[in-house]
Amino acid sequence: MTAPAADRRIRSLRPPKPHVDPYVAHGTVLEEERRPDGRIERALTVFLAGAECPFTCSFCDLWRYTIDGPTPRGALVAQLERVLAGVAEPLPQRLKLYTASNFFDRRAVPPEDLPELARLAAPFASVTVESHASTIGESAAAFARMLRGRLEVAMGLETIHPVAAEKLNKRLTLARFDAAAHRLAADGIDVRAFVLLGAPHVAPEESVEWTVRTVEHAAAQGAAVVSIIPVRGGNGEMERLAALGEFTAPTLVQLEDALDRCAHIAGTVVTADSWDVEQLARCAACLPARKARLCRINVSGRTEPRVRCDACGDP
């Protein structure tokens, strides 16, 4: 079957994909996370190597961490076994398995591997995986039943801006996201959502406003955690859209604004993704203080005064 024209264009603009070994995880992160009830838990995120997502979103940069073709059977199990063998006791409460794709896509996670992955996850009280809303169904409920702990599924909502949502090439409607969130809740599965800051096709002066609206929508659908993720360039398509005036890279100040404006949302933990936040900064002098403030708010949930910088004048 011939790929849609948008898919072909987006893929043609990408730089060469680095070699990825399907039997070696990309890495891990151990961090503290706040839950809606105020608990602070330790979470181990394992970045697994596997098949590429088939949806070809215009803003995506995760494709570079995937392999060509389907994930070999047993590869994810081997990766996770190796990672967990090196984790010191006591184990964190939460295990996050991120595949840079869709956990409930058979090409990305072979169904035959699910019982073994569940067995390896047994020592953890909670497990988080990520998957496109279109993949949510009985397979998610079945995996939840395999686990000893509680399952959480992270889904990309991205934006509810009507024009931008249509042009992201994500093949996701608001109704589909809402239905997936309700299905997960009905099956006793927690929901986590990803929301973009600086979504292409959104005017930069409206970017923060639409990010906040999208976070509010995810919270209204029962999301326990919502992560605000700044859109980054580097995949070719973002550079094409920037040249057309359809994409303006977000700034660190906008990320601060978005997080601060979500402080009123009750019952949902809202965090700002601080990975590679240095790319968003316009001033080296105040970057460390701004990043530290975001990280503190992510964990505490408490508002803090903004960083004042004489060097750049940003509030």
State, to one decimal in nm², a quarter of the convex hull surface area for the C-alpha atoms of the chain, i.e. the direction-averaged projected area. 16.1
Hull surface divided by four, with the convex hull built on the Cα atoms of the range 187-315: how many nm²? 8.7
Run the 1.4 Å probe and let me know the accessible area of Y23, rounded to the nearest 10 Å². 100
Run through all the Cα pairs of the range 51-157 and give the fraction in each 10 Å bin from 0, expressed as whole percent. 14, 48, 32, 6, 0
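Which loop trypsin sites (Lys or Arg not before Pro) in the range 24-100, with loop taken from DSSP, have no more than 16 other Cβ atoms within 10 angstrom of their Cβ?
When the trypsin sites (Lys or Arg not before Pro) of the range 24-100 are filtered for loop state and at most 16 Cβ neighbours within 10 Å, R39, R73 remain.
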Sort largest first and round to whole Å: the equivalent ellipsoid semi-axes of the range 258-311, each the square root of five times a Cα gyration tensor eigenvalue. 21, 12, 9
Tell me, what HN-Hα J-couplings in whole Hz come from the Karplus equation 6.51 cos²θ - 1.76 cosθ + 1.60 at θ = phi - 60° for each residue of the range 74-90, using x for Gly and Pro? x, 5, 5, 4, 5, 4, 5, 4, 5, 5, 5, 5, x, 8, 6, 6, x
Per the Debye formula with a single identical scatterer at each Cα and no solvent contribution, what log10 I(q)/I(0) holds for the range 24-75 at q = 0.13, 0.21, 0.27, 0.29 Å⁻¹? -0.49, -0.85, -1.00, -1.08
For the range 206-309, which chymotrypsin sites (Phe, Trp or Tyr not before Pro) are both in a DSSP coil and crowded by at most 15 other Cβ atoms within 10 Å? W275
I want to verify the translational diffusion coefficient of the range 1-115 in µm²/s; compute it with Stokes-Einstein, Rh as the Kirkwood radius over Cα pairs, at 25 °C and 0.890 mPa s. 157
Calc'd 3J(HN,Hα), the range 14-30, phi into Karplus 6.51 cos²θ - 1.76 cosθ + 1.60 (θ = phi - 60°), Hz, glycine/Pro = x, comes to 6, x, x, 7, x, 5, 10, 8, x, 10, 10, 5, 5, x, 9, 9, 10
Post the alpha-carbon centroid distance, the range 258-315 to the range 109-156, in whole angstrom. 32
Among D105, D37, what's the order by accessible area (1.4 angstrom probe), most exposed first? D37, D105
Mean ellipticity per residue at 222 nm, deg cm²/dmol - from DSSP H runs of n ≥ 4 across the chain, formula -39500 (n - 2.57): -9000 deg cm²/dmol
Quick one: which residues, 5+ away or cross-chain, put their amide H under 5 Å from the amide H of L157? H built at 1.01 Å from N. F194
In whole Hz, the Karplus estimates of ³J(HN,Hα) for the range 115-123 (6.51, -1.76, 1.60; θ = phi - 60°; x where Gly or Pro) are x, 5, 5, 5, 5, 5, 7, 4, x
Which residues' amide hydrogens lie under 5 Å from the amide hydrogen of V269, considering only partners 5 or more residues apart or on another chain, with H built in the peptide plane? V225, V226
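With all protein chains present, how much of the accessible area of the chain (probe radius 1.4 Å) comes from carbon and sulfur, to the nearest whole percent? Provide the component values of the computation, followed by the final result.
Numbers: 7570 of 14030 Å².
Summing carbon and sulfur atoms, their accessible area is 54 percent of the total for the chain.
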When DSSP assigns beta bridges and you keep just the ones with both residues in the chain, what percent turn out antiparallel, to the nearest 5? 20
Is the C-alpha gyration tensor of the range 168-256 telling us rounded, prolate or oblate? Criteria: a/c under 1.5 is rounded; beyond that, a/b larger than b/c is prolate, otherwise oblate. prolate
Could you give the C-alpha radius of gyration of the range 104-229 expressed as a fraction of 2.2 N^0.38 Å, taking N as the number of residues it contains? 1.12
Rolling a 1.4 angstrom probe over the protein chains, ignoring ligands and nucleic acids, what is the accessible area of I160 in square angstrom, nearest 10? 40
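The values are calculated or read from the model by the stated rules, or taken from the named source; none is laboratory data. Computed from a predicted structure; not experimentally measured. All Cβ positions, glycine included, derive from the backbone under ideal geometry; neighbour counts span all protein chains shown. Keep in mind that these areas ignore ligands, DNA and RNA; they rest on the heavy atoms of the full protein, side chains included. Shrake-Rupley method; radii C 1.70, N 1.55, O 1.52, S 1.80 Å.
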